[in-house]
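Participant: Pasting in a structure now, in structure tokens, and then I'll have a few things to ask.
The values are calculated or read from the model by the stated rules, or taken from the named source; none is laboratory data. Fair warning: this is a prediction, and the values are worked out from it, not measured in the lab. Glycine gets a Cβ as well: all are built from the backbone with ideal geometry, and neighbour counts include every protein chain shown. Protein only, heavy atoms only, side chains kept; ligands, DNA and RNA dropped before computing areas. Shrake-Rupley method; radii C 1.70, N 1.55, O 1.52, S 1.80 Å.
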Amino acid sequence: MSLASVKDMANHEVKYASISGSGTIAAVAAVTGKKINVISYVLGGSATATAIFKSATTAISGAIPVAATFAVSASWNPDGWMQTAAGEALNITISTGNGVGHLSYIEL
């Protein structure tokens with residue numbers, strides 16, 4: 001698996017997406033032939049819940065606890081925190097309430 005690293009980040013445009021909704025949130029639409037590599041995120045919620053990042057419907061993260069009283073974040077990581085399969089959308093499933101936040105990503 002080939003991921004971007006600090007030395008080659010200049011070869012990729014960093015893109016941004018907002019996170020807002022309940023149930024399964026379509027965070028980033030699929031891009032034909034490209035993987036979506038999440039390089040940072042901030043995620044909170046309107047209620048105590050868990051969030052799972054997904055490549056289409058397949059989990060690519062564990063259950064991340066979120067709540068209305070705090071936000072969880074993963075700071076900039078040029079190698080990425082998680083990545084979709086090529087040609088699949090990045091979705092986030094919130095177990096209850098609404099998820100809010102934002103993320104940065106690159107397409108590989």
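Participant: Tell me, yes or no, whether region 15-31 has at least one residue that is at pLDDT 95 or above and farther than 20 Å from G101 by Cα.
Facilitator: Scanning region 15-31 turns up at least one residue that is at pLDDT 95 or above and farther than 20 Å from G101 by Cα.
Participant: Moving to a separate point now. Regarding T84, is this residue β-branched (V, I, T), at pLDDT 90 or above, open to solvent by 40 Å² or more (accessible area, probe 1.4 Å) and in contact with a Ser or Thr (Cβ under 9 Å, 6 or more places away or on another chain)?
Facilitator: no
Participant: Say we look at region 87-102 and pick out the residues that are within 20 Å of T32 (Cα to Cα) and not β-branched (V, I, T); which of these is surrounded by the most Cβ atoms within 10 Å (Cβ to Cβ)?
Facilitator: Going residue by residue through region 87-102, those that are within 20 Å of T32 (Cα to Cα) are 87-92.
Filter once more, keeping what is not β-branched (V, I, T): 87-91.
Working: G87: 14, E88: 20, A89: 17, L90: 26, N91: 22.
Checking each candidate, the answer is L90.
Participant: Of all residues in region 43-72, count the ones that are within 11 Å of the chain's Cα centre (by Cα) and at pLDDT below 95.
Facilitator: So the answer is 2.
Participant: For region 43-53, state whether one or more residues are under 16 Å from A17 (Cα atoms) and open to solvent by 60 Å² or more (accessible area, probe 1.4 Å).
Facilitator: no
Participant: Separate question: Taking region 34-73, which residues are free of Cβ contacts under 8 Å to residues at least 12 places away in the same chain and closer than 17 Å to V100 by Cα?
Facilitator: T69
Participant: While we're on this one: Those residues that are among the aliphatic types (A, V, I, L, M) and in contact (Cβ under 8 Å) with a residue 60 or more places away in the chain, I need them from region 74-92; list them, please.
Facilitator: A89, L90, I92, listed by residue number.
Participant: Name the residue that is most open to solvent (accessible area, probe 1.4 Å), counting only residues in region 7-33 that are farther than 24 Å from G87 by Cβ and touching a residue at least 12 places away in the same chain (Cβ under 8 Å). Spell out how you get there, then give the answer.
Facilitator: Going through region 7-33, the residues farther than 24 Å from G87 by Cβ turn out to be 7, 10, 20, 22.
Next, only the ones that are touching a residue at least 12 places away in the same chain (Cβ under 8 Å) stay: 20, 22.
Working: S20: 88, S22: 70 Å².
That would be S20.
Participant: For region 57-81, give me each residue that is open to solvent by less than 30 Å² (accessible area, probe 1.4 Å) and not polar (S, T, N, Q).
Facilitator: Within region 57-81, I64, V66, A67, A74, P78, G80 meet the criteria.
Participant: When region 73-99 is examined, which residues are found to be more than 11 Å from the chain's Cα centre (by Cα) and under 19 Å from A29 (Cβ atoms)?
Facilitator: A85, A86, G87, E88, I94, G99
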